[in-house]
Amino acid sequence: MTGPEELWRDALANGRFLLQRTDDGQAVFPPRAVAPGSGTPLEWIEASGRGTIYSVSWIYPRPPAPPYHVALITLDEGARLMSRVLDATPEALAIGQRVKAFIGESDGAPLLLFRREQEE
């Protein structure tokens, strides 16, 4: 039997960003076997890939390693997840910015990443 995280990672490997949804429409992340609290079944849905930066933390390791960050993203569907926003500097990345997901790669495995949406 394949677990929820494996199904989610397989979808990423096939270019799809999926979320789960409870029977009352609440988006759930990370993937799990049943809905939190109720234990009811979850439905897989295609995520919009859009969201807003809820928080961001910059880490400044000892040189020569470059700084990096971890961002908490609130997806338009309502779930929150941690990821990175590519091509961002501490000055350019801010809480409340709109972002769009894409599937990148790390060590040969698919990885969910984000880019800032272009301001119109």
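The values are calculated or read from the model by the stated rules, or taken from the named source; none is laboratory data. Just so you know, these numbers come straight off a predicted model, no measurement behind them. Counting neighbours? That spans all protein chains shown, and the Cβs are built from the backbone with ideal geometry, glycine included. Quick note on the areas: whole protein, heavy atoms, side chains included, nothing else; ligands and nucleic acids left out. Shrake-Rupley method; radii C 1.70, N 1.55, O 1.52, S 1.80 Å.
Under 8 Å for C-alpha pairs, at least 6 residues apart: give me the relative contact order for the chain, rounded to a whole percent.
Numbers: 219 pairs, mean separation 25.8, N = 120.
Relative contact order, the chain: 22 percent.
Would segment 2-120 count as rounded, prolate or oblate if I go by the C-alpha gyration tensor, calling it rounded below 1.5 in a/c and otherwise prolate when a/b exceeds b/c, oblate otherwise? Show your work: numbers first, answer last.
Working: a/c = 2.04, a/b = 1.64, b/c = 1.24.
In terms of gyration-tensor shape, prolate.
As a test of the formula, what do you get for the chain when each DSSP H run with n ≥ 4 contributes -39,500 (n - 2.57) and the sum is divided by the residue count, at 222 nm and rounded to the nearest 500 deg cm²/dmol?
Estimated from H runs of four or more residues: -2500 deg cm²/dmol.
For the charge dipole of the chain, defined by +1 on Lys and Arg C-beta atoms and -1 on Asp and Glu C-beta atoms about the Cα centroid, which residue among Val56, Pro66, Leu18 has the Cα displaced farthest towards the positive pole?
Pro66
Please give the contour-minus-distance gain from Ile59 to Ala109: 0.36 nm per residue of separation, less the Cα-Cα distance, rounded to one decimal in nm.
Fully extending the segment from Ile59 to Ala109 adds 15.6 nm.
Using a 10 angstrom cutoff on alpha carbons, build the Gaussian network for the chain and name the most mobile of Val99, Val28, Val70.
Looking only at Val99, Val28, Val70, the biggest GNM fluctuation is shown by Val70.
If the elastic network links every pair of Cα atoms under 10 Å, which of Ala109, Ala35, Ala71 fluctuates the most in the Gaussian network model of the chain?
Comparing Ala109, Ala35, Ala71 in the GNM, the peak value goes to Ala109.
Mind putting a number on the dipole of segment 11-120 about its Cα centre? Charges go on the C-beta only, +1 for Lys and Arg and -1 for Asp and Glu, and I need it in Debye to the nearest 20.
It comes to approximately 280 debye.
What list of ³J(HN,Hα) couplings, whole Hz, do you get for segment 7-21 from phi and the Karplus terms 6.51, -1.76, 1.60, once you set θ to phi - 60° and write x for glycine and proline?
4, 5, 5, 4, 4, 4, 4, 9, x, 10, 9, 10, 10, 10, 9
Which cross-chain or sequence-distant (5 or more) residues have an amide H under 5 Å from the amide H of Val56, H modelled 1.01 Å from N in plane?
When sequence neighbours closer than 5 places are left aside, the close amide H contacts are Leu72.
With contacts defined as alpha carbon pairs under 8 Å and 6 or more residues apart, what's the relative contact order of segment 49-120 in percent? Don't skip to the answer; put the middle values down first.
Values: 132 pairs, mean separation 22.2, N = 72.
Computed value for segment 49-120: 31 percent relative contact order.
For Leu72 and Gln118 in one chain, what is 0.36 nm times their gap in residues minus the Cα-Cα distance, to one decimal in nm?
The span from Leu72 to Gln118 would gain 14.6 nm if fully extended.
Remind me, relative contact order of segment 1-48 in percent, using alpha carbon pairs under 8 angstrom and six or more residues apart?
After rounding, I find 37 percent.
At 1.4 Å probe size, put Asp24, Asp107 in order of accessible surface, largest to smallest.
Descending accessible area places them as Asp107, Asp24.
Starting from 0.36 nm per residue, how many nanometres of slack lie between Asp10 and Thr89 once their C-alpha separation is accounted for?
25.3 nm
With every protein chain kept in the model, how would you rank Arg80, Arg98 by accessible area, 1.4 Å probe, largest at the top?
Values: Arg80 105, Arg98 85 Å².
Heavy-atom accessible area, descending, gives Arg80, Arg98.
Of Glu77, Glu91, Glu105, which is the most mobile in a GNM of the chain whose springs link Cα atoms less than 10 angstrom apart?
Glu91
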